[in-house]
Amino acid sequence: MSYLDGPRGVGGWLVLFLLAIGLFSPATAVFGLLSTMYGNRQLEVFYGPSWSALLTAEWTLVAISLLGCWAIVWRMMFVFRWSSVIFAVVGIWCVGVAASLVEVLIVGWIAGVPLGKMANGLGPELIRPIVFDTVWTAYLLKSQRVANTYPRHSEDEAVSEVFE
């Protein structure tokens, strides 16, 4: 639903969302991986021969997440249609929650750790992405600025609806 007046354009909380997705989340992912994988030499000893495969998998997941984040930002900055909002909502859930679940599966598979053991530590790891995704989904779906910036219908469709 578009509003006749009210904020429009990329500004306000929408800018914060785009910064969070395009800058803060990627930085957190990269620095988090660096500190986890390279800050503790005991991990390399623990995983032994599967360490290099684990590093490759982790960096691949981070790279895919970064590309996903940047695709969301690009779409929100340059494609001003409601489908961009849907793309962003689906994207943040894929990059946040789904990526965490995939990471657990891949790490468990590479390291040979039973899925049950891997799932034990998953709960706290999912709290941040679930809260983040829920808050931003609510914002994207309810914001006047978002509704005005990314109309559900083109102006021609909106005019034709009035006269039908």
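Is the C-alpha gyration tensor of region 7-71 telling us rounded, prolate or oblate? Criteria: a/c under 1.5 is rounded; beyond that, a/b larger than b/c is prolate, otherwise oblate. Cα axes put region 7-71 in the prolate bin. Think of it as helices only: each DSSP H run of n ≥ 4 in the chain is worth -39500 (n - 2.57), and spread over all residues that comes to -23500 deg cm²/dmol at 222 nm.
Can you tally the net charge around Thr149? Count Lys and Arg as +1, Asp and Glu as -1, for every other residue whose Cβ sits under 12 Å from the Cβ of Thr149.
Numbers: positive: Arg8, Arg81, Arg145, Arg152; negative: none.
Summing Lys/Arg as +1 and Asp/Glu as -1 gives +4.
Across region 19-30, coupling constants 3J(HN,Hα) worked out from phi with the 6.51/-1.76/1.60 Karplus curve, θ = phi - 60°, read 5, 4, 6, x, 10, 5, 5, x, 5, 4, 5, 5 Hz, and Gly and Pro carry x.
For region 37-50, putting each phi into the Karplus relation 6.51 cos²θ - 1.76 cosθ + 1.60 with θ = phi - 60° gives couplings of 7, 10, x, 9, 5, 5, 4, 4, 5, 4, 7, x, x, 8 Hz, in residue order, rounded to whole numbers and with x for Gly and Pro.
Full extension of the segment from Val131 to Trp51, taken as 0.36 nm per residue of separation minus the current Cα-Cα distance, would add 25.7 nm. Segment Lys117..Phe80, full-extension length gain: 8.9 nm, with 0.36 nm per residue of separation and the alpha-carbon distance subtracted. Please state the shape class of the chain: rounded when a/c is under 1.5, otherwise prolate if a/b exceeds b/c and oblate if not, all from the C-alpha gyration tensor. Prolate.
No lab work stands behind these numbers, since they all come straight from the coordinates. The structure presented is a predicted model; accordingly, all values stated were derived computationally and were not measured. Please note: Cβ atoms are built from the backbone with ideal geometry, for glycine as well, and neighbour counts cover all protein chains shown.
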